[in-house]
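Working notes, beginning with the structure itself.
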Amino acid sequence: MNIKEDKILLPEEVRRILNADNKEIVDLCKQTSVLPKKNKDGQLYFSLDEVKRLKRAKENKSAVTNAIAAANGDSQAIVSNLLSTLKTLENSLTSSVEKVLDDKLEGIDDLIIEFVRCKTENESLKSKINELNKENFNLKMAVNSFKPVMCGLYVKKEDNNNNILF
C-alpha cells in the first residue's frame, strides 16, 4: 500500500491504495469533504494530500468499528460500570444537598421557639390593652358623673339605672 509520490492519482489507483470500492470511497469523500477533480478529458483524479486524508479517515473508521465491536462484547460490563458511576454520583449529590440544607436550617428550631414566645407575649399584651381600655372607659364615666356646683365643688350625679358609678 505505498502511495505514489506524483501529485495526481486516478480513481483506480485510489481504490488500490485504500483497498476500497467506489461506494466506500464516496462515503470517505463525504466524511472528509474531499471532492475529486476532473481533468480536461473529463476523467476524475485526486491529489496526494486528498488520498492521505481519505486513508486517515478509513483508518479512523476501522478503529472506531473495532472499538464498537469490542464494546459490544463488554457491553454488560460497560452498562454495569455506568450504573455504578451514576449511583455514586447520585449519592454524592444527595449527601451534598442534604449537608447544605442541614447547615441552612440548623437555627430554624430556635427561631420557631422564639416566634411562639413572641406570639404568646403579643396575645397577653393585647388582653392587657383591652383591660386598660375598659378601665379607662369606666374612669371617664366616673369623672363625667360629677357635676360642678360652685367654687370648685362638685356633686356626684346618679346614672339612669340609679347606680352610682365607680
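For a Förster distance of 41 Å, can you work out the FRET efficiency between the beta-carbons of F115 and S92, rounded to the nearest 0.05?
E(calc), rounded to 0.05, equals 0.70.
In region 12-166, carbon and sulfur make up what percent of the accessible area (probe 1.4 Å)?
Result for region 12-166: 58 percent of the exposed heavy-atom area is carbon or sulfur.
Rounded to whole Hz and in sequence order, give me ³J(HN,Hα) for region 137-145 from the Karplus expression 6.51 cos²θ - 1.76 cosθ + 1.60, θ = phi - 60°, writing x for Gly and Pro.
Running phi through 6.51 cos²θ - 1.76 cosθ + 1.60 with θ = phi - 60° gives 4, 4, 5, 5, 5, 5, 5, 6, 7 Hz.
So what's the angle, to the nearest 10 degrees on a 0 to 90 scale, between helix 75-105 and the longest Cα principal axis of the chain?
Taking Cα atoms only, the helix is inclined about 20 degrees.
Run lengths n ≥ 4 of DSSP H only: what is the helix-derived mean residue ellipticity at 222 nm for the chain, with -39500 (n - 2.57) per run over all residues, to the nearest 500?
Taken over the chain, the calculation gives -24000 deg cm²/dmol.
What value in Å³ per residue do you get for the convex hull of the alpha-carbon atoms in the chain?
So the per-residue Cα hull volume is 454 Å³.
Scanning the chain for GluC sites (Glu not before Pro) in DSSP loops with at most 16 other Cβ atoms within 10 Å, what's the longest stretch left with none?
In the chain, the maximal stretch lacking such sites is 6-105.
List the pairs from K7/K61; K38/K58; K119/K156 whose alpha-carbon separation is above 32 Å, in the order I gave them.
Flagged as over cut-off: K119/K156.
Would you mind getting the accessible area per residue of region 16-85, heavy atoms of the protein chains only, 1.4 Å probe, in Å²?
Result: 71 Å² per residue.
Rank N60, N19, N133 by mean-square fluctuation in a GNM of the chain with C-alpha springs under 10 angstrom and give only the top-ranked residue.
Ranking N60, N19, N133 by mean-square fluctuation puts N133 first.
The values are calculated or read from the model by the stated rules, or taken from the named source; none is laboratory data. All values reported here derive from a predicted model rather than from experimental measurement. Virtual Cβ from ideal backbone geometry, glycine too; neighbours counted across all protein chains shown. To get the accessible areas, we keep the full protein, side chains included, count just its heavy atoms, and leave off ligands, DNA and RNA. Shrake-Rupley method; radii C 1.70, N 1.55, O 1.52, S 1.80 Å.
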